[in-house]
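Q: Right, I'll just put the structure down here and ask away after.
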Amino acid sequence: MVLFENVNLRYGDGPAILQQVSFTLAPGSFHFIVGASGAGKSSLLRMMYLAQRPTSGRVNLFGQEIDQLKRHDRPLLRRRVGVVFQDFRLLPHLSALDNVALPLRVAGVAENKIRDHVTELLRWVGLADHVDALPATLSGGQQQRVAIARAVITRPSLLLADEPTGNLDDAIAVRLMYLFGELNKVGTTIVVATHSERLVQQFSHRQLRIEQGIVRLIPQRSEAA
Amino acid sequence: MRLFRSDLPLAGDASARFLPWIIGCMVYLAALALAGALSAENLAGRWHAELAGRFTVEMPPSPPSDEKEAKLRDITGLLSKIDGVTAVKLVGASEKAALLQPWLGGIELPDDIALPDLIVVEAGKAVDLAKVSVDLIAIDPAIRVDDHANWHGDLLAFSNSMTIVALIVLSLIALTAVSTVIFVTRTGLAIHRRVIEIVHLVGAQDTYIARQFLFHALRLGLAGGAVGAALAAATWLGLQRWLSGGNSGLLPSLTLSTGDWLAVAAVPVALAIVAMFTAQVTVLILLGREP
């Protein structure tokens, strides 16, 4: 599903962010990307959702080499990837419903199918009463749930989440992780970037641990045993 | 309705406020330029139709006499016998006064004012005017035949000049519209860079984003164009009314046919379409340059 091979990344003439990164994420797997703030977790995710090209090395997504993708093909691949951004990146002028509907609209889904589908999902994430609310009128946690709904509305094959629990209290963070777990059970490949060691310890998933630009794959506890 | 919905907040841009005014001004100028050219063409066409197939024989002024009457009879007799001539008409005193009215106003002409005698000849086919002149000079050496060729030539040159000027004005206006829309679109892309990035990240093609700019430009273009066209029509009708209300017959009447009005009405639509496609192409080019 996701293959990185000898990937290096640096911004301009700056220091290397990632060095010789190689790993494979199998379909239906669940991984944490772990590392301190500024370690390169977001950069690694950005390469997975095609917002960043590696300086060198090979990235393969869904069997397609990303450096050989034509501009026209990139959006088609992105539609198979759901992303929960660290800062949510909701469109401030659109309602919760329109924010969640955005991936469906850009994919050309018929308008009459969108409203029911999106309303149902917003109800599922506990925002049934905030369908028409603008992001600015929602709390941080509610905005995050809108962002999650937007990421999963298209039932993506790969779900990437950048510090998704950063703004949530512990109970909601755990609930969110269980939600990701449910999506994982139905076949979605999940990658969650977090700096929270406590969260990582709480759930037994494989880890991609970044330290000084080097990525190490750490198996889940059951595999290690 | 889906075509017109926008995920980008383009309606709140400063461009949404000033672009309709710019387009409105451009449509106003373009519509008046086109109306002027069409009106000049109509005027030339009318004058041409009035003069086509006609020539005028002019005999210098002279006091009434039996000899003059005899000459006029000879002239009309000679002209009537020419192959192709369908009518020969001596212009009467009242008609001559009417011809002078635009220059002299409604005053009554004194009886002793000397005016040339005019004979208007209508011909269904080409007439050898050189031969006709020779025959008429035999009757009176001072007779002049005028086939209005010079007048026709000037008329055609005037009409063509007006058309060329209108085309230049329309081209400059279209160029200005294109430049303005490119500037506005570039600004819009810069302002909404972050939103566009998100829309891209959820899987939008460049064409999806370009379509939003396209309909935004179309909406603004039509809104501004409608105002500009309405003002141009009001200006034109006012001008028409003012000219037709004057006493001087020297001023031309600015008439437009239904087809001409439709052509003028097409100006705002055409400019809106130009704005629409300019916006789309600009977005596609600029987004295509991104890595």
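Q: Of these, B:Pro141, B:Pro110, which one is loosely packed, with under 11 Cβ neighbours inside 10 Å and farther than 25 Å from B:Phe55 by Cβ?
A: Working: B:Pro141 fails: farther than 25 Å from B:Phe55 by Cβ.
It is B:Pro110.
Q: Pick out the one residue from A:Val131, A:Val118, A:Val152 that is surrounded by 22 or more Cβ atoms within 10 Å (Cβ to Cβ), modelled with pLDDT of 90 or more and in contact with a helix residue (DSSP H, G or I) (Cβ under 9 Å, 6 or more places away or on another chain).
A: A:Val118
Q: Among the strands (runs of 3 or more DSSP E) lying completely within the range B:38-126, list those that include at least 1 residues that are of a type in the set (Asp, Glu) and more than 30 Å from B:Leu170 (Cβ to Cβ).
A: So the answer is B:54-59, B:117-123.
Q: Hey, A:Val186 hits all of (1) in contact (Cβ under 8 Å) with a residue 12 or more places away in the chain; (2) surrounded by fewer than 16 Cβ atoms within 10 Å (Cβ to Cβ) but one; which does it fall short on?
A: (1)
Q: In addition: Pairs, please: C-beta under 8 Å, at least 6 apart or cross-chain, first residue farther than 11 Å from B:Leu19 by Cα and in the range B:204-231, second acidic (Asp, Glu) and in a loop (DSSP other than H, G, I, E, B)?
A: B:Gln212/B:Asp7
Q: Answer with yes or no whether B:Phe183 is assigned by TED's automatic domain parsing to the domain that holds B:Asp7, part of a helix (DSSP H, G or I) and either at pLDDT 95 or above or closer than 26 Å to A:Val81 by Cα (or both).
A: Spelling it out, it is not the case that B:Phe183 is assigned by TED's automatic domain parsing to the domain that holds B:Asp7, part of a helix (DSSP H, G or I) and either at pLDDT 95 or above or closer than 26 Å to A:Val81 by Cα (or both).
Q: Taking into account only those residues within the range A:78-108 that are among the basic types (Lys, Arg) and within 12 Å of the chain's Cα centre (by Cα), which is nearest to A:Leu45 (Cα to Cα)?
A: The selected residue is A:Arg78.
Q: Looking at the range B:138-171, which of the residues that are of a type in the set (Gly, Ala, Ser) and part of a helix (DSSP H, G or I) is farthest from B:Ala40 (Cα to Cα)? Walk me through how you get there before you give the answer.
A: Keep residues of the range B:138-171 that are of a type in the set (Gly, Ala, Ser), which gives B:138, B:142, B:149, B:153, B:157, B:159, B:161, B:166, B:171.
Now restrict to residues that are part of a helix (DSSP H, G or I): B:138, B:149, B:153, B:157, B:159, B:161, B:166, B:171.
Numbers: B:Ala138: 41, B:Ala149: 19, B:Gly153: 14, B:Ala157: 11, B:Ser159: 6, B:Ser161: 10, B:Ala166: 11, B:Ser171: 19 Å.
Per the criteria, the residue is B:Ala138.
Q: Yes or no: B:Asp135 part of a loop (DSSP other than H, G, I, E, B) and more than 33 Å from the chain's Cα centre (by Cα)?
A: So B:Asp135 fails the test.
Q: Checking the conditions here, which among B:Pro268, B:Pro291 is assigned to a loop (DSSP other than H, G, I, E, B) and not aliphatic (A, V, I, L, M)? Can you show your working first?
A: Values: B:Pro268 fails: assigned to a loop (DSSP other than H, G, I, E, B).
Exactly one residue qualifies, and that residue is B:Pro291.
Q: Let me ask another. Condition first: facing another protein chain (nearest Cβ under 8 Å) and in a helix (DSSP H, G or I). Now tell me which residues in the range A:74-93 satisfy that.
A: Residues satisfying the conditions are A:Pro75, A:Leu76, A:Arg78.
Q: On to the next question. Report yes if A:Arg206 is more than 30 Å from A:Gln142 (Cα to Cα) and among the basic types (Lys, Arg), otherwise no.
A: Criteria not met by A:Arg206.
Q: Read through the list (1) in a strand (DSSP E or B); (2) touching a Pro at 6+ places or on another chain (Cβ under 9 Å), then give the number of the only condition that A:Leu3 fails.
A: Result: A:Leu3 fails condition (2) only.
Q: Pick from B:Ala44, B:Ala98, B:Ala49: which is under 36 Å from the mean Cα position of the chain (by Cα), under 30 Å from B:Leu254 (Cβ atoms), modelled with pLDDT of 75 or more and surrounded by fewer than 11 Cβ atoms within 10 Å (Cβ to Cβ)?
A: Result: B:Ala49 is the single residue among B:Ala44, B:Ala98, B:Ala49 that is under 36 Å from the mean Cα position of the chain (by Cα), under 30 Å from B:Leu254 (Cβ atoms), modelled with pLDDT of 75 or more and surrounded by fewer than 11 Cβ atoms within 10 Å (Cβ to Cβ).
Q: Give me the pairs: first residue in the range B:151-165 and within 11 Å of B:Trp47 (Cα to Cα), second residue of a type in the set (Lys, Arg) and assigned to a helix (DSSP H, G or I), beta-carbon distance under 6 Å, and six or more apart or on different chains, which are they?
A: Close Cβ pairs satisfying both conditions: none exist.
Q: Could you list, in sequence order, all residues of the range B:208-222 that are of a type in the set (Phe, Trp, Tyr) and either surrounded by 23 or more Cβ atoms within 10 Å (Cβ to Cβ) or more than 34 Å from the chain's Cα centre (by Cα) (or both)?
A: Within the range B:208-222, B:Tyr208, B:Phe213 qualify.
Q: Looking for something away from chain A (no Cβ under 14 Å), crowded, with 20+ Cβ neighbours inside 10 Å and of a type in the set (Ser, Thr, Tyr) - is there at least one such residue anywhere in the range B:234-241? Step through it out loud before you land on a result.
A: Here is the first cut: in the range B:234-241, the residues away from chain A (no Cβ under 14 Å) are B:234-241.
With the extra rule that they be crowded, with 20+ Cβ neighbours inside 10 Å, the set shrinks to none.
No, there is no match, as no residue in the range B:234-241 is away from chain A (no Cβ under 14 Å), crowded, with 20+ Cβ neighbours inside 10 Å and of a type in the set (Ser, Thr, Tyr).
Q: Among the numbered conditions (1) at negative phi; (2) outside any helix (DSSP H, G or I), tell me where A:Glu120 comes up short.
A: Single failed check for A:Glu120: (2).
Q: Which numbered condition in (1) part of a helix (DSSP H, G or I); (2) more than 10 Å from chain B (Cβ to nearest Cβ) is the only one that A:Asn99 fails?
A: Among (1) part of a helix (DSSP H, G or I); (2) more than 10 Å from chain B (Cβ to nearest Cβ), the lone unmet condition for A:Asn99 is (2).
Q: Just to check your reading of the model, which residue among A:Ala96, A:Ala110, A:Ala128 is under 21 Å from B:Thr207 (Cα atoms), of a type in the set (Gly, Ala, Ser) and without any contact (Cβ under 8 Å) to a residue 60 or more places away in the chain?
A: Just one listed residue meets the conditions, A:Ala110.
Q: Considering each of B:Pro20, B:Pro9 in turn, give the residue that is touching a residue at least 40 places away in the same chain (Cβ under 8 Å), within 14 Å of chain A (Cβ to nearest Cβ) and surrounded by 15 or more Cβ atoms within 10 Å (Cβ to Cβ). Explain how you work it out, then say what you get.
A: Numbers: B:Pro20 fails: within 14 Å of chain A (Cβ to nearest Cβ).
Matching residue, one of B:Pro20, B:Pro9: B:Pro9.
Q: Could you go through the range A:154-169 and let me know if any residue there is out of contact with any His (no Cβ under 7 Å at 6 or more places or on another chain), basic (Lys, Arg) and at negative phi.
A: No: zero hits.
Q: Let me ask another. Going by the conditions given, is B:Ile196 out of contact with any helix residue (DSSP H, G or I) (no Cβ under 8 Å at 6 or more places or on another chain), within 14 Å of another protein chain (Cβ to nearest Cβ) and not charged (D, E, K, R)?
A: Considered against the rule, which asks whether it is out of contact with any helix residue (DSSP H, G or I) (no Cβ under 8 Å at 6 or more places or on another chain), within 14 Å of another protein chain (Cβ to nearest Cβ) and not charged (D, E, K, R), B:Ile196 comes out as no.
Q: If you scan the range A:47-99, which residues turn out to be among the basic types (Lys, Arg) and on the phi < 0 side of the Ramachandran plot?
A: Within the range A:47-99, A:Arg53, A:Arg58, A:Lys70, A:Arg71, A:Arg74, A:Arg78, A:Arg79, A:Arg80 meet the criteria.
The values are calculated or read from the model by the stated rules, or taken from the named source; none is laboratory data. As the structure is a computational prediction, the values presented were derived from the model and not from experiment. Backbone-built Cβ (ideal geometry, glycine too); neighbour counts: all protein chains shown.
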